[in-house]
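To start, the structure under review is shown below, and the notes come after it.
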Amino acid sequence: MKYLLTLLTCLLLLSSCSKFLEEYSTDQKYLETTDDLNKVMIGEAFMNNVYSLSFYNPATMGNIASETDFSAPWLHVMDDDSEAFVLGAADRDQSTPLYMLSGFHNWGQNPAVNISGFAWTDVMWKKVYKRIGAINALIYQGSQIATKNPTDANLQHLRGEAYFLRAYYYFLLQNIYGSPYRKATASTDEGVPLKISEKVEDIYFKRTNNETVYKQIEEDLNQAADLLQGYNPTTKIRVGIAAVRCLQSRVYLFTEQYDKVLQVTNGYDNMGYSIIDLKRYVAKSNFTYRSSTETIFTMGTNSIPAVFPNDSLASYAPVNRLASSFKASDNLIQSFSTNDLRLNACFMLSAKSKAYLPAKWRTWSTYNDPEQVSCIFSFRLPEMLLNRAEAQAMLGADGEAWSEIQKLQAMRFNNNGGSQQPASNQALVNFIRDERRREFCFEGHRWFDLRRYEVNSKYPLGEGFTIKHPTYSYDAQTNTYTRAGSYVLNSIAQDAASWQVPIPNYAIEFNRGSLTNPIRSIRNIQP
């Protein structure tokens, strides 16, 4: 990990993004202009916007350990929105989603181990820290250039983007590899290593406490807000003030600073974005897409088609009734009412068995689709609305919270046939949480949200909360699967270690044991 957190130039030597990057020396002397910084920002700070071709084979996880392919596809299978999708037989030496990601789906002790016991490398840690190392150097060099060009607006925007991305990356790392944020114990709860200096440090890194990491995230976002004030780019793959405000509201929600959520979302509906009306939705088109009036910012790939492939894909012709992957859980689908237009806009039925598959991105099969958005690194206007509504409800402003919810439901339900306002404050909070689940399923929110709900100081989920993932045994003679029980994840109070992804072994080994993971419990099938 110390290697990954070294100077920008060391990172550039590993990159094949551009010949431009190969000519940088270790003293950064060539990073002299705004244009220099922009090229490095594009090549080294953002997640790559590269999309795969259509999938014709269920073995979609062959490049799971590649830094240039999908980012954290396993993030979509740990929560209660997904469950196993099995049909017919697939050889266990194939890289199907089920065989490769079951360790994450079933919260195993070593999740990056496939169903046959072979380990693969989780590159998300490496991928994100590599970009943080580049951003640290960009922030430093940007400040140096700014002393000579204090009125350069483009430079100001680039520096704002750098602060935003560093905050965003640490937020993601915290909610994947760190413990959930608790107000009462944040100063002692373990997060992820914090490195914000551009200098090489001859030390081994260890976990930083949650309070310190989140304080840095807030400081970076404040810097980004100052530098990007009043600015929104013409493209959705660059960062503006709306993206900053959206992430600020998310961070404040996670840290239970509800008054600040209201501050940063004030006037969110006057930022130049608007919520689409699903009553005008065209069948088989995208629910969310880059040029949508809801889309604020996106970067990176979309792994949903690879994790949730159709059962019409064949490993060997003429077999065309095969599924060894994941689908939308019955529990999620049942949470939608019949007049909720998102049920048709966000899902499709598999070709053979008519299982529900996530389909917010209908045009994923188009190579390098200019309308594609990421399934993780994406911000939409409805989040600011729902963040604001939740904060208002937590502060006891039930009427104001419900007014926000009605704005969303007017665009999501047929004939405005939304729900009635819950009678109690806790019921309202629970409704908003459920509405958030329906709106953002398969966009990288649910696992993070469940973690914060579990430890919320006002309305925690409680020790009785569990996630159950059905599992199946295969009969080769009949070529059928039979329900064998469920893997169960208990509450954080009972099974805290399994609510965070283990730091990869390569980082622990490089840091000579100064980084540690909590020991995850052994998971057995329950009836």
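The values are calculated or read from the model by the stated rules, or taken from the named source; none is laboratory data. Since this is a predicted model, take the numbers as computed values, not measurements. Using ideal geometry, Cβ is built from the backbone for each residue, glycine included, and neighbour counts are taken over all protein chains shown.
Worth pointing out:
- Candidate set from the range 320-347 (those that are outside any helix (DSSP H, G or I) and free of Cβ contacts under 8 Å to residues at least 40 places away in the same chain); member that is farthest from the chain's Cα centre (by Cα): Asn320
- Of the residues making up the range 102-157, those that are surrounded by 14 or more Cβ atoms within 10 Å (Cβ to Cβ), closer than 24 Å to Val86 by Cα, among the hydrophobic types (A, V, I, L, M, F, W, C) and within 24 Å of the chain's Cα centre (by Cα) are Phe104, Trp107, Ala112, Val113, Trp120.
- Sole residue being more than 22 Å from Leu450 (Cβ to Cβ) and in a helix (DSSP H, G or I), chosen from Leu194, Leu158, Leu173: Leu158
- Looking only at the range 427-484, and only at residues there that are at pLDDT 95 or above and among the β-branched types (Val, Ile, Thr), the one that is nearest to Pro309 (Cα to Cα): Thr471
- Pairs where the first residue, in the range 483-502, is free of Cβ contacts under 8 Å to residues at least 40 places away in the same chain and the second is among the aromatic types (Phe, Trp, Tyr) and part of a strand (DSSP E or B), C-beta under 7 Å, 6+ apart: Arg483/Tyr472
- Hits in the range 511-527 - residues which are over 19 Å from Gly178 (Cβ atoms) and either touching a residue at least 40 places away in the same chain (Cβ under 8 Å) or not in a loop (DSSP other than H, G, I, E, B) (or both): Arg512, Ile522, Arg523, Ile525, Gln526, Pro527
- Tally of residues being modelled with pLDDT of 90 or more, among the β-branched types (Val, Ile, Thr) and in a loop (DSSP other than H, G, I, E, B) across the range 44-90: 1
- Across the range 219-242, the qualifying residues are those that are surrounded by fewer than 17 Cβ atoms within 10 Å (Cβ to Cβ) and among the charged types (D, E, K, R), and the one among them that is farthest from Ile296 (Cα to Cα) is Glu219.
- Tally of residues being buried (at least 21 other Cβ atoms within 10 Å of the Cβ) and more than 22 Å from Lys458 (Cβ to Cβ) across the range 179-193: 3
- Selected residue (criterion: surrounded by the fewest Cβ atoms within 10 Å (Cβ to Cβ)) from residues of the range 376-406 that are out of contact with any Pro (no Cβ under 9 Å at 6 or more places or on another chain) and charged (D, E, K, R): Glu400
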